[in-house]
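Worksheet for the structure shown next.
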Amino acid sequence: MKARTLNLRLLAGAALACLISGSAYADGGPAADKPATVKSADVTTERLLNANKEMADGNWITHHGNLWGQRYSPLAQINKDTVKGLHVAWTMQLGGLEGGGIWSHGGLEGTPLAENGYLYVTDGWGSVYKIDARGGKGTLIWKMDPKTDHDWAGAVACCGVDNRGAALYKNLVISHTLDGRLIATDKETGQVKWQRAVANPDKGEVVTGAPLIVKNMAITGVAGAEYGIRGWIAATDLDTQKEVWRTYTIPTKGEAGIESWKGANSAEVAGGGSTWVTGSYDAANNTIVWGVGNPGPDWDNAFRPGDNLYTDSSLAVDADTGKIKWHFQHTPNDPYDYDSVGENVLVDVGDKKLALHANRNGFGYAVDRTDGKFEWATAFVKKVTWTKGINPKTGKPEEYDAGKDVQTYLAAATPTRDKALADFCPGNMGGKNWPPTSYNPELKLWYIPVIESCNRVTIAPEKALPAKSREFFTGGGPSQPFRITGSVTAIDVTTGKVAGKFETKFPNLGGTLATKDLVFSGEPSGEVFALDGKTLEKLWGFNTGGGVSAPPMTFQVDGKQYVAILVGLGGAWDKWFIDSTPELKTMQPGSMLYVFGL
Amino acid sequence: MMFRVNLAATLVMALGFLGSAQAEESEAQLGRATYARANCVGCHKWHGNGGGGYGGAALSLRKTQLDREQIVKTVTCGRPGTGMPSFLRGVYDDDAKEHPCYDFSQKDLTGDNHVAEAGTFLRPNEIEAVADYVLKNIMGHGDPNLAECVAFFGDTSRVCEIYKPKTSHQMPTPSTQN
């Protein structure tokens, strides 16, 4: 064993090792210069509720950093003054590149978790990796491969072979698979304790989001609104493995909201309303706030007259029962595919308790998170053509007409059955897609990863409800005659106004991380960069050589702060939207964890 | 499967038609592989029925009336103003001697004449192979069925189950490496 590891080291890095330590052969293999493995404490509700303190201690124990969805770390060794010295500390090659279904390869969109010097990351097919990050390098402790059925799930994944990360609960790592399972893996041994099928690809349902742990439950969201599903959010009791509740995002007969589906077409057959981005939790009100996706079919809105609740809405549900408490809808009777699936960031500003949401439709919204009352909306993209703006009183688009069953908004930019082709901005990817925003509570700045875009949609009217599941049910489709770029745009939440914009050549497909005085993000062309948190001036950059479509996070181990990011272009872009960014055609699939340190 | 192919090959060898039959077999394989790799499957679906989707409103290749030459041309050139991309590199280059596609060069492709460039370019022989695959395996076929689905995906996955009577299943068994 010893001989083998020595050989490996010799082959892989002898020259480098000699340079650095001069005694490269004295140690005993990959893990020898690390302290013995330590058992981590159970992750409890208490700890999750105090995630800010965990972050100050160097951990990152829930998907968005804390349960409020803020992705803000108070760690400050890497700061405005030191960041120019940031460099690659170590990397680790991961797997999950295989194709399946309609996909030629998997990609990385996950946020790593960090606890006590160990990282937990997932690849696109839902394999979970536990990595020892102590001692200034990464060592794989275990990898759990869920053996996802590639073709079964991959054929109905509209937008890539993706998995956005895992969750921690007690001594378990909780994760999802594209084929709809929730899996509990022993944190120490990597052995699977149990698994439960939550979603069903036979119905066109797949799961890409990270679980949210609330109390003793894992909350799961589903994808599939392009395949005629009826969306839901589900809670699984992690101690009994039983379902606690499942709340459909599309009402059925006799339920509130059904009046917003006026046509003869039954909403619950194919109404859409996916929930594939991890939401947030407000313990003070025991409320989960979760984004709901587009209606089905995506573009043919005459097929589904009415406002189509709760599609394109932020939805607040009671954590214990799943009962809907309030909703706020952004784009009623949506003809653009402007879903609201993105995260809601909970923030306190003065005495206001807000939920922030950056929508695909190009506007950032603030609502009162206790009752869903509208506060303000601000365009964060450079170009909006589908509406004159959001009405400051109602929060609805100015052209919204409650008397109309089928909305047309600004008609020149709206595809309809009569005028099947229309160009609109932002394009159907947004605005802002799933890549998460981050919020600096001291500067009160909210950093949005922006896709500055327009595109074209052609309506192909749907004649009937889908006869078979697992078939696209979109009522048309987009094409990409326009170049698409990106930005990181900051909104000052005390004024609701744009405070700065850092423009990028390519759309932001990865999301942002906020630290005390910096913002981190990446580009699909490979660049990872840091901006001044106040001015958005670029202070540091490094090209990873692989497409970035995942959010950065930060952690601390051995008293040293690191920034970690998964690199390997995933998602929908290289299949469906590449024509708007032709230079990205040369990006090769990849699967790598990068860790940067000072 | 392997066995059948070998058997057929042996048989053919005995009959002395070796060259053409093997060529046909590998041509068919190239056609199917290209259909998957070049993302025809992404927009037109494995079964070719097309329909809406993120790739645009793709036409049904089951119902297409085009002949071989027209399919080759559509794949080579794409179709201006629609989501159907062009698969041959350089066909619209401004400085090319000939403009084989609708006499258009890059500068003509603006506005409603926009032609998307495919994410994966194909060679002329691959374009012919995929056209033959469409003609033989998709065009004129009725509703997709189990046999066709299994022929496309193989039978190691549940992907074709919706074409079968309902059956119950066990979840896959995860495995850990440490």
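The values are calculated or read from the model by the stated rules, or taken from the named source; none is laboratory data. Quantities reported herein were computed from a predicted structural model and do not represent experimental measurements. So basically every Cβ, Gly included, is an ideal-geometry build from the backbone, and we count neighbours across all protein chains shown.
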Can you tell me how many residues in the stretch A:553-573 are crowded, with 24+ Cβ neighbours inside 10 Å and either not in a strand (DSSP E or B) or not hydrophobic (A, V, I, L, M, F, W, C) (or both)? 7
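Test A:Asp132 against the stated conditions and say whether it is acidic (Asp, Glu) and under 17 Å from A:His105 (Cβ atoms). Full working, then the answer.
Values: acidic (Asp, Glu): yes; under 17 Å from A:His105 (Cβ atoms): no.
In short, no.
Rundown of residues vs (1) surrounded by 21 or more Cβ atoms within 10 Å (Cβ to Cβ); (2) of a type in the set (Gly, Ala, Ser); (3) under 19 Å from A:Ile448 (Cβ atoms), yes/no style:
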| residue | (1), (2), (3) |
| --- | --- |
| A:Leu315 | yes, no, no |
| A:Gly322 | no, yes, no |
| A:Ser340 | yes, yes, yes |
| A:Asn344 | yes, no, yes |
| A:Ala366 | yes, yes, yes |
| A:Gly389 | no, yes, yes |
| A:Pro392 | no, no, no |
| A:Gly395 | yes, yes, yes |
So for the stretch A:267-274 (the condition being within 24 Å of A:Lys253 (Cβ to Cβ), hydroxyl-bearing (Ser, Thr, Tyr) and in contact with an Asp or Glu (Cβ under 9 Å, 6 or more places away or on another chain)), does at least one residue qualify? yes
Does any residue of the stretch A:77-88 turn out to be part of a loop (DSSP other than H, G, I, E, B) and surrounded by 24 or more Cβ atoms within 10 Å (Cβ to Cβ)? yes
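Could you tell me whether any residue of the stretch A:13-29 is at pLDDT 50 or above and surrounded by fewer than 17 Cβ atoms within 10 Å (Cβ to Cβ)?
no
Which ranges mark the strands (runs of 3 or more DSSP E) fully within the stretch A:439-500 that have 2 or more residues being away from chain B (no Cβ under 13 Å) and of a type in the set (A, V, I, L, M, F, W, C)? Reasoning before the result, please.
Values: elements: A:445-452, A:455-459, A:476-479, A:485-492.
Counting at least 2 such residues, we get A:445-452, A:485-492.
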From the options A:Gly95, A:Gly124, A:Gly106, A:Gly100, residue that is surrounded by 24 or more Cβ atoms within 10 Å (Cβ to Cβ), small (Gly, Ala, Ser) and within 13 Å of chain B (Cβ to nearest Cβ): A:Gly100
Mind checking which residues of the stretch B:84-120 are out of contact with any strand residue (DSSP E or B) (no Cβ under 9 Å at 6 or more places or on another chain), touching a residue at least 12 places away in the same chain (Cβ under 8 Å) and part of a loop (DSSP other than H, G, I, E, B)? B:Leu88, B:Val91, B:Asp93, B:Asp94, B:Pro100, B:Tyr102, B:Phe104, B:Ser105, B:Leu109, B:Gly119, B:Thr120
Inside the stretch B:68-83, can you point out the residues that are without any contact (Cβ under 8 Å) to a residue 40 or more places away in the chain and outside any helix (DSSP H, G or I)? B:Arg79, B:Pro80, B:Gly81, B:Thr82
Tell me yes or no: at least one residue of the stretch A:252-271 is under 25 Å from A:Trp194 (Cβ atoms), more than 14 Å from every other protein chain (Cβ to nearest Cβ) and out of contact with any Phe, Trp or Tyr (no Cβ under 7 Å at 6 or more places or on another chain). no
Checked against (1) among the charged types (D, E, K, R); (2) within 22 Å of the chain's Cα centre (by Cα); (3) in a strand (DSSP E or B), A:Asp334 satisfies every condition except (3)
Residues (in contact with an Asp or Glu (Cβ under 9 Å, 6 or more places away or on another chain) and more than 10 Å from chain B (Cβ to nearest Cβ)) located in the stretch A:582-598: A:Met587, A:Pro589, A:Ser591
Look through the stretch B:32-49, keep the residues that are within 12 Å of B:Cys149 (Cα to Cα), in contact (Cβ under 8 Å) with a residue 60 or more places away in the chain and at the interface with another protein chain (Cβ under 10 Å from one of its Cβ atoms), and return whichever of them is surrounded by the fewest Cβ atoms within 10 Å (Cβ to Cβ). B:His47
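For A:Asn171, state whether it is in contact with a Gly (Cβ under 9 Å, 6 or more places away or on another chain), more than 8 Å from every other protein chain (Cβ to nearest Cβ) and of a type outside the set (Gly, Ala, Ser). So that I can check it myself, show each step before the final result.
Details: in contact with a Gly (Cβ under 9 Å, 6 or more places away or on another chain): no; more than 8 Å from every other protein chain (Cβ to nearest Cβ): yes; of a type outside the set (Gly, Ala, Ser): yes.
No, not satisfied.
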Filter the stretch A:501-552 for residues that are among the aliphatic types (A, V, I, L, M) and not in a loop (DSSP other than H, G, I, E, B) and give the result. A:Leu513, A:Ala514, A:Leu518, A:Val519, A:Val528, A:Ala530, A:Leu531, A:Leu539
Of everything in the stretch B:59-81, what is touching a strand residue (DSSP E or B) at 6+ places or on another chain (Cβ under 7 Å) and within 13 Å of another protein chain (Cβ to nearest Cβ)? Give them in sequence order. B:Gly78
Take the conditions of a type in the set (Gly, Ala, Ser) and surrounded by 23 or more Cβ atoms within 10 Å (Cβ to Cβ) and apply them to A:Gly257. Does it pass? no
Reported set for the stretch B:92-127 where residues are of a type in the set (Gly, Ala, Ser) and closer than 20 Å to B:Ala38 by Cβ is B:Ala116, B:Ala118, B:Gly119
Residue that is crowded, with 24+ Cβ neighbours inside 10 Å and of a type in the set (Gly, Ala, Ser), where the choices are A:Gly190, A:Gly154: A:Gly154
Please specify each residue of the stretch B:146-178 satisfying the condition of being within 11 Å of chain A (Cβ to nearest Cβ), farther than 30 Å from A:Glu188 by Cβ and polar (S, T, N, Q). B:Thr156, B:Ser157, B:Thr167
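Quick test for you: out of A:Thr208, A:Thr148, A:Thr139, pick the one residue that is hydroxyl-bearing (Ser, Thr, Tyr) and at the interface with chain B (Cβ under 10 Å from one of its Cβ atoms).
The conditions single out A:Thr148.
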Please go through the stretch A:277-303 and give me each residue that is surrounded by 24 or more Cβ atoms within 10 Å (Cβ to Cβ), away from chain B (no Cβ under 14 Å) and not β-branched (Val, Ile, Thr), ordered by number. A:Gly279, A:Ser280, A:Tyr281, A:Trp290, A:Gly291
So, in the stretch A:350-400, of the ones that are touching a Ser or Thr at 6+ places or on another chain (Cβ under 6 Å) and assigned to a strand (DSSP E or B), which residue ends up farthest from A:Gly486 (Cα to Cα)? A:Lys353
Look through the stretch B:82-102, keep the residues that are over 21 Å from B:Gly42 (Cβ atoms) and of a type in the set (Ser, Thr, Tyr), and return whichever of them is farthest from the other protein chains (Cβ to nearest Cβ). B:Tyr102
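Do you know which of the residues in the stretch A:579-598 that are over 18 Å from A:Thr91 (Cα atoms) and touching a residue at least 40 places away in the same chain (Cβ under 8 Å) is surrounded by the fewest Cβ atoms within 10 Å (Cβ to Cβ)? Give the steps one after another, and end with the answer.
Applying the first criterion (over 18 Å from A:Thr91 (Cα atoms)) to the stretch A:579-598 yields A:579-587.
Narrowing further to those that are touching a residue at least 40 places away in the same chain (Cβ under 8 Å): A:579-581, A:583-584, A:587.
Details: A:Asp579: 23, A:Ser580: 25, A:Thr581: 23, A:Glu583: 11, A:Leu584: 23, A:Met587: 21.
That would be A:Glu583.
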